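Everything below concerns the one structure shown next.
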Amino acid sequence: MEAFDALRKKTNILLEDPILSELHTALVHEGDFEKSEVIIKKLIADDIFRHYIHQNNYKPHWQPVTLKKTGSIVQKPGMRGGHQMCMDHVHNCIYLLGGWNGSEDLADFWVFSCKDSEWTCLSKNTKEDGGPSARSCHKMCIDCNDEKIYTLGRYLDASKRTHERVVNDFYVFDIKSNTWKLISPDVALVGGPQLIFDHQMCYDDESRSIFVFGGRVLTPNCGPRSGSISPSNRSDERSEFSGLYSYLVDTDTWHLLREDSGNAGPQDIRSRIGHSMLLDKKQRRLYIFGGQRSKEYINDFFYYDIGQNQVATLSDGTKKENGLPSGFTQRATINSESGEIYVLSGISKDREKREENMHNSFWVYVIRDNRWTCVYKNEPQLASSHANNFLNLSFEGLPNFAADKPSSSDMESGIRGPEPCPRYAHQLVYDFERNVHYMFGGNPGRTSQPKLRLDDFWSLHLSRLSKSDLLRKCRYVIRKQKFREIVSVNLVAALNYLQTTVSAAVDHDNKEQAADFRSLASTLFGDMEAFESNYPSGGQEATRLVYSNADDAYVERTELFDQLVKYFPEDMTQPSENLLDLIVL
């Protein structure tokens, strides 16, 4: 011990946290399993194992949303892509506006009650109710506190791009009064962006402002309608893109924060379409990634610091990193409290084959660790040939789950049960309070049926190891060790302990742990014949919880301690390096 104290003074290294030493003493030396559980419970409550918990990947669970029927009728929005949705997490409902059904732009407005699982049509034609005209590729954002929904931008056919119609009108919907209001007939005239589509839009509660970034600028008669077959047709070398703007709600004023730039300066921002922009309310940042600029699929990842008016690059997209692949119309959400970004892929680009492909993959980015993790990924299929691989597509109002049956390789990749078929021009919203995503509609990319759009509606729950799960897991292994020690001397007591205390710590829904628990019972009953011959009175005289060989118990307790140590952060455990190498001579 004196040598260790000298080493601490010489290297200024704390070899082990005191609470870890306390656990080692209670578990290994004293065999006090109850005290060990108390220590573990306090550590979990104090969030000491936070890093370990967050290292565990999520498991995705897709489910088709079952809608409430009114008699024999299910009311729901029809097939569409390029629509917009926003989540009201306060009232637990989703709003949906417009879209393109394959033949025309739509002007209907819907709300979905997550509690009642029911769609309600608020307006069949918002223009007739004082709101925006039929549109697609627009954007919406919601102020849940003031109960207002804002919408900006749209796509226009080349034949409709006259000087009178190429205007960027700006509307707000008052949820409480169920009324629309025109804020501005053309925000470009008051310092805002020109008419744009495929941009991104976020509402900031703290500053009561709206941020708008990117999108293709539409000018009178600037080319043919795009996107009917492949979104890569939406832009060409002559395309003009919009920059980063903010709109202050209280003063009704627009501000240009960054112009679109083709330069590579540290504070420049290259605009794009089909990208993601997310507001981190906790750190006051706008995270931006993905998208397309002309024929280039962009793979950079950066954030704009709202308070500092600064851009910080997290990845320039030039390195082959184990991160999010480049793509178009990928859908992203954020949980500011947990510091995580979630991304559902859309169309991706195979750089080597120079082909577009469509596949389902779901990614999680941990902001604190600057780390991307792929939760699951199925086999990509070419957008041009994917039409032959869709199952259960519906027509004329039949149920449409558009589900791809998972293969064995999909199951190994993390998919649990059915999942939506790949698509683009869909919408994904996230209720961070209830930890559930919702996805509706989109374009399945069927070249044989270019007008086909989807009307399927899905929920996505992400689950992973929780604090209570980890506590149960620790309790189980601790009690399992105590059971093994009781078995060595008193089978009757061991059986009672197994049926009550050990069983209470088992996650019986976990097949692996349930099987392990059953193996404990089989081991016990396998020894019962020998037990009864040695202890005809029932073995009540053997009550000491020790092995016949004390060293065996010590070894197993040490192995258990080492297993628990893996949950601790590195700064609390002994260094893994050779201690002699840490001494500065």
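The values are calculated or read from the model by the stated rules, or taken from the named source; none is laboratory data. This is a predicted model, so every value here is computed, not measured. No Cβ is skipped: glycine too gets one built from the backbone with ideal geometry, and neighbour counts run over all protein chains shown.
Listed values, structure above:
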{"item": "Matching strands (runs of 3 or more DSSP E) fully within region 12-113 where at least 1 residues are of a type in the set (D, E, K, R) and surrounded by 15 or more Cβ atoms within 10 Å (Cβ to Cβ)", "result": "59-64, 84-88, 105-113"}
{"item": "Residue count, region 125-172 (criterion: of a type outside the set (A, V, I, L, M, F, W, C), buried (at least 16 other Cβ atoms within 10 Å of the Cβ) and within 34 Å of the chain's Cα centre (by Cα))", "result": "17"}
{"item": "Near pairs, Cβ below 7 angstrom, 6+ apart or cross-chain, from region 507-520 (over 15 Å from residue 469 (Cβ atoms)) to any residue that is modelled with pLDDT of 85 or more and aromatic (Phe, Trp, Tyr)", "result": "520/483"}
{"item": "Whichever residue in region 445-463 is in contact with a strand residue (DSSP E or B) (Cβ under 6 Å, 6 or more places away or on another chain) and not in a strand (DSSP E or B) and, among such residues, is modelled with the highest pLDDT", "result": "453"}
{"item": "Residue ranges of strands (runs of 3 or more DSSP E) in region 239-321 with at least 3 members in contact (Cβ under 8 Å) with a residue 60 or more places away in the chain and loosely packed, with under 13 Cβ neighbours inside 10 Å", "result": "none"}
{"item": "Residue selected from region 551-571 under the condition exposed (fewer than 10 other Cβ atoms within 10 Å of the Cβ) and in a helix (DSSP H, G or I), by the criterion modelled with the highest pLDDT", "result": "570"}
{"item": "Qualifying residues in region 439-453 (those that are of a type in the set (Lys, Arg) and within 28 Å of the chain's Cα centre (by Cα)) - the one surrounded by the most Cβ atoms within 10 Å (Cβ to Cβ)", "result": "453"}
{"item": "Given (1) surrounded by fewer than 18 Cβ atoms within 10 Å (Cβ to Cβ); (2) of a type in the set (Val, Ile, Thr); (3) at pLDDT 95 or above, number of the condition residue 229 does not satisfy", "result": "(3)"}
{"item": "Matching option when the condition is within 30 Å of residue 447 (Cβ to Cβ) and at pLDDT 85 or above, among 272, 234", "result": "272"}
{"item": "Residue within region 73-95 that is out of contact with any Lys or Arg (no Cβ under 9 Å at 6 or more places or on another chain), at positive phi and outside the structural domain of residue 195 (by TED's automatic domain parsing) present", "result": "no"}
{"item": "Long-range neighbours under 6 Å by Cβ, at least six apart or interchain, first residue in contact (Cβ under 8 Å) with a residue 60 or more places away in the chain within region 128-142, second acidic (Asp, Glu) and assigned to a loop (DSSP other than H, G, I, E, B)", "result": "137/198"}
{"item": "Matching option when the condition is over 25 Å from residue 201 (Cβ atoms) and out of contact with any strand residue (DSSP E or B) (no Cβ under 8 Å at 6 or more places or on another chain), among 54, 91, 61, 29", "result": "29"}
{"item": "Subset of region 477-528 [surrounded by fewer than 12 Cβ atoms within 10 Å (Cβ to Cβ) and part of a loop (DSSP other than H, G, I, E, B)]", "result": "508, 509"}
{"item": "Meets criteria (under 25 Å from residue 277 (Cα atoms) and either in contact with a Pro (Cβ under 9 Å, 6 or more places away or on another chain) or not aromatic (Phe, Trp, Tyr) (or both)) for residue 72", "result": "no"}
{"item": "Residues (in contact with a strand residue (DSSP E or B) (Cβ under 8 Å, 6 or more places away or on another chain) and at pLDDT below 95) located in region 427-441", "result": "432, 435"}
